[in-house]
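Shown next, in structure tokens, is the structure this report addresses.
The values are calculated or read from the model by the stated rules, or taken from the named source; none is laboratory data. The structure presented is a predicted model; accordingly, all values stated were derived computationally and were not measured. Because the Cβ atoms are built from the backbone with ideal geometry, glycine has one as well, and the counts that use them run over all protein chains shown.
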Amino acid sequence: MKRIRLQDLYVGFDGDDAVLVRSHARGIVLRAPAFAVAVLSACGEGRSADEIAATLGEPGRRLYEVLTRAGVLIRPEDAVEDAIPHSLYGQLDVERGRLGNRERYARYAEALRLVVPNKRVVVIGGACGVIPVLAAHAGASMVHVIDNGARLDAVDLVAVASGVRDRVRLEEGHPMDVQLEEPADVAVTEEFGIWGLPEGWDQWCARHLRPDGVQVPRLVTCMAAPVVKAGQRTALTSAFDGHGVELGPLREAVMSEIREASFTPAALGTALPADQASLPRGPGGTAIWLEMELAQGVELTTRDACHWRPL
């Protein structure tokens, strides 16, 4: 019977004569002789034990059998072509917080339905693939996604599963290095810096968007207000306790600079535009959030869940 290696394998050297073979999707961690790399390489397509022995000898056959019992080599019909690449796991953990904000994506979906039907769209920063797929579902004729390789893997998987991969094109690289086949009608991003749109956004749009093209968001205002979290003093004090070492001098030095106040969304009612020449000095920090108009009449705010936590 022929066997093929799992599609999401990660192999790292563990000392001079061994490797660690991992499959995150299947929860496999296996320590094997370094020679396993040769067997796994040969099994990029289906190979039988006899075929491996013919090229790698009896040691190759024995290692083939070990890898088969460990579940690293499987039947070709059982291979998952779209197994999640190991490079995605760290990125997806970062994205979980963003995915949990359903209101955010509901507003984006509403805005995209207004502006992208029959339009060529460029999404700068594909994240988990939600925005590109929403654009395709809203009727975009083509969606170009510019991002790094790990996040484009996520976009690829989500676009295939959502049935729109034929209208999603992956453009790996920095926005100023990628060249689209023709300018887009709509440019979309959900990537934001502390002051709103990402640095370089104007240059990216000049490169990839038609002169009369539409941007989503169409307007972003950064807001700020002085705050500090209630109870922060207690949390900071406890950090200096329980180590079996007297950290009192350090605790006093830090705590002498802390003033306590309350932080609630309602306390942000007296916010000031962040570009004002000088903000009043607050009791220990500043909350910053964004007020956005994604499209005409479609607004999104991060006020009740600040885009950046109090500084």
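Just one of the numbered conditions (1) under 14 Å from the mean Cα position of the chain (by Cα); (2) in contact (Cβ under 8 Å) with a residue 60 or more places away in the chain; (3) surrounded by 23 or more Cβ atoms within 10 Å (Cβ to Cβ) is not true of V122: (1). When D177, D212 are screened for being assigned to a strand (DSSP E or B), of a type in the set (D, E) and at pLDDT 75 or above, only D212 passes. Filtering the stretch 183-209 to residues that are in a loop (DSSP other than H, G, I, E, B) and either modelled with pLDDT of 95 or more or in the same structural domain as L290 (by TED's automatic domain parsing) (or both) leaves only P183.
Within the stretch 208-215, is even one residue of a type in the set (K, R) and either surrounded by 19 or more Cβ atoms within 10 Å (Cβ to Cβ) or in contact with an Asp or Glu (Cβ under 7 Å, 6 or more places away or on another chain) (or both)? Yes.
Just checking, does the stretch 142-158 include any residue being under 21 Å from R102 (Cα atoms), in a strand (DSSP E or B) and β-branched (V, I, T)? Looking through the stretch 142-158, none of the residues is under 21 Å from R102 (Cα atoms), in a strand (DSSP E or B) and β-branched (V, I, T). Scan the stretch 25-64 residue by residue and report those that are modelled with pLDDT under 80 and more than 18 Å from D78 (Cα to Cα). Within the stretch 25-64, just V29 meets the criteria.
The residues of the stretch 149-160 that are touching a helix residue (DSSP H, G or I) at 6+ places or on another chain (Cβ under 9 Å) and either surrounded by fewer than 20 Cβ atoms within 10 Å (Cβ to Cβ) or touching a residue at least 60 places away in the same chain (Cβ under 8 Å) (or both), listed by number, are A150, R151, D153, A154, D156, L157, V158.
Apart from one condition, D93 fits all of (1) in the same structural domain as D185 (by TED's automatic domain parsing); (2) at pLDDT 90 or above; the exception is (2). When the residues of the stretch 1-24 are filtered to those that are aliphatic (A, V, I, L, M) and surrounded by 16 or more Cβ atoms within 10 Å (Cβ to Cβ), the one that is modelled with the lowest pLDDT is L9. Looking only at residues in the stretch 161-193 that are surrounded by fewer than 17 Cβ atoms within 10 Å (Cβ to Cβ) and among the polar types (S, T, N, Q), the one that is farthest from G213 (Cα to Cα) is S162.
Listed by first and then second residue, the pairs with beta-carbon distance under 6 Å, at least 6 apart or on different chains, first residue in the stretch 287-299 and under 12 Å from R107 (Cα atoms) and outside the structural domain of Y105 (by TED's automatic domain parsing), second surrounded by fewer than 18 Cβ atoms within 10 Å (Cβ to Cβ) and among the basic types (K, R), are E293/R218. Summed over the stretch 29-57, the residues that are assigned to a helix (DSSP H, G or I), within 23 Å of F13 (Cβ to Cβ) and out of contact with any Phe, Trp or Tyr (no Cβ under 7 Å at 6 or more places or on another chain) give a count of 9.
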